[in-house]
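The block underneath contains the structure these notes are about, expressed in structure tokens.
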Amino acid sequence: MSHHLDSPASRRDPRLNVPDLYVFDGHVGTTLVMTVNSSLAGPDRPRGFHPEARYEFRVRLDGEDREALTYRFAFGPADDDGVQDVLLEQLTGADAGDDGARARVLAEGRTEDVVPVAGGGRMWAGAAADPFYLDLHQLAHIVEGLQEEKPIDLAGWDADEAANSFAGARVEAIVLEIPDTDGSELAEGRRIGVWATAELATDAGGWRRINRAAIPMMWPLLRARGGDDDSEEYARDTLAHPSEDGANDTERLVAMVTAAARFSGTADPEAHARAVADRLLPDVLPYTVGTPAAFGAAAMNGRALADDAPPVMYRLLTDADLPSGLRPASAAETRQDEFPYVVPTAGR
């Protein structure tokens, strides 16, 4: 869960918290995966998806600043078995960023079922094992050093004894696979940038964004200030469009990374920090359609379910090698080769 329960709204209802986004090449095309509602919120968390919310994959095409394609999911109330109706809609062009625009229906079905999508592709939504893996003890040391701009002290933490703090955790996952055929919006070779959102209906008839997520670890490392973050900056970034991230976050990120890189002995810490800001802002996940996904320090091209994202971000932000002590095998039981690629857990 690289976007923790670090805002008041997501703590009140974890169904509106978006921990992670994954983008990779599936069996029939580009696969988009969003997770919400982590079991780490506690045993009393509500199950399933919020019936008064909508969850969106927003896609920029060819390096443009604004999304030109949005896939919107909405869910009905849960029945006695916890199953919900699910609706998938698509918006394109200028409508893709318009909360009030009329959308085209692509699919209707039920959670826990594989549902065909108009024009090809398939969708699935339901309870799943959380594929994210991280040792929270290491993260606490790194966050303290970064946010207080002091040397990172890993005393008391041993990589050889690292443990996945998310072992056994469950999430609700939304999985969408779109064919990358010629002429489609996600044609092979096209450069895209993806971000995910959870929005809640307001009493006035509009929509309010509760969470957004794209590049892993951005929120706990950069934007959140402790476990109970109620800062104006955090709220601003939640509601902001990624095209505003450069103006909102560059100097804050540069100051943090400059300090960390100085402690690491980097020759020109500020130059490194500005290069990192150029890589991480705006906060959208880049991907070239039809290529193998790999989230790395040298290059970010989508994110596979197995990618060990935390040490990549640690490396970028500190200019130091801070391995997590974990391997993809640490969470191998949370993913599978066949669609929906996550491992369903309903009824388990």
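Among the conditions (1) in contact with a helix residue (DSSP H, G or I) (Cβ under 8 Å, 6 or more places away or on another chain); (2) surrounded by fewer than 19 Cβ atoms within 10 Å (Cβ to Cβ); (3) farther than 20 Å from Val36 by Cβ, the only one that Gly119 does not satisfy is (1). Report whether or not Asp79 is of a type in the set (Asp, Glu) and either at pLDDT below 95 or within 19 Å of Ala198 (Cβ to Cβ) (or both). When the stated conditions are applied, Asp79 does not pass them.
Looking at the structure I just gave you, is Arg236 closer than 24 Å to Phe57 by Cα and exposed (fewer than 14 other Cβ atoms within 10 Å of the Cβ)? Against the criterion (closer than 24 Å to Phe57 by Cα and exposed (fewer than 14 other Cβ atoms within 10 Å of the Cβ)), Arg236 qualifies. Tell me, please, whether a residue that is over 17 Å from Ala162 (Cα atoms), under 20 Å from the mean Cα position of the chain (by Cα) and at pLDDT 95 or above can be found in the stretch 321-332. Among the residues of the stretch 321-332, not one is over 17 Å from Ala162 (Cα atoms), under 20 Å from the mean Cα position of the chain (by Cα) and at pLDDT 95 or above, which makes the answer no.
Is it the case that some residue within the stretch 250-258 is within 17 Å of Gly97 (Cβ to Cβ) and either among the polar types (S, T, N, Q) or touching a residue at least 24 places away in the same chain (Cβ under 8 Å) (or both)? Before you say what the answer is, go through the steps one by one.
To start, the set of residues in the stretch 250-258 that are within 17 Å of Gly97 (Cβ to Cβ) comprises none.
The answer is no; no qualifying residue exists.
One residue stands out among those in the stretch 83-116 that are in a strand (DSSP E or B) and touching a residue at least 40 places away in the same chain (Cβ under 8 Å): the one that is surrounded by the fewest Cβ atoms within 10 Å (Cβ to Cβ), which is Thr92. Kindly indicate whether Phe73 is at negative phi, in a loop (DSSP other than H, G, I, E, B) and in contact with an Asp or Glu (Cβ under 9 Å, 6 or more places away or on another chain). When the stated conditions are applied, Phe73 does not pass them.
Table: residues versus (1) over 30 Å from Val115 (Cα atoms); (2) in contact with a Pro (Cβ under 9 Å, 6 or more places away or on another chain); (3) in a loop (DSSP other than H, G, I, E, B).
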residue: Glu149; (1), (2), (3): yes, no, yes
residue: Gly189; (1), (2), (3): no, no, yes
residue: Val194; (1), (2), (3): no, yes, no
residue: Leu200; (1), (2), (3): no, no, no
residue: Leu222; (1), (2), (3): yes, no, no
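Number of residues in the stretch 119-147 that are within 13 Å of Pro344 (Cα to Cα) and either part of a strand (DSSP E or B) or β-branched (Val, Ile, Thr) (or both): the value is 6.
The values are calculated or read from the model by the stated rules, or taken from the named source; none is laboratory data. Being a predicted model, the structure only gives us computed values, none of them experimental. Backbone-built Cβ (ideal geometry, glycine too); neighbour counts: all protein chains shown.
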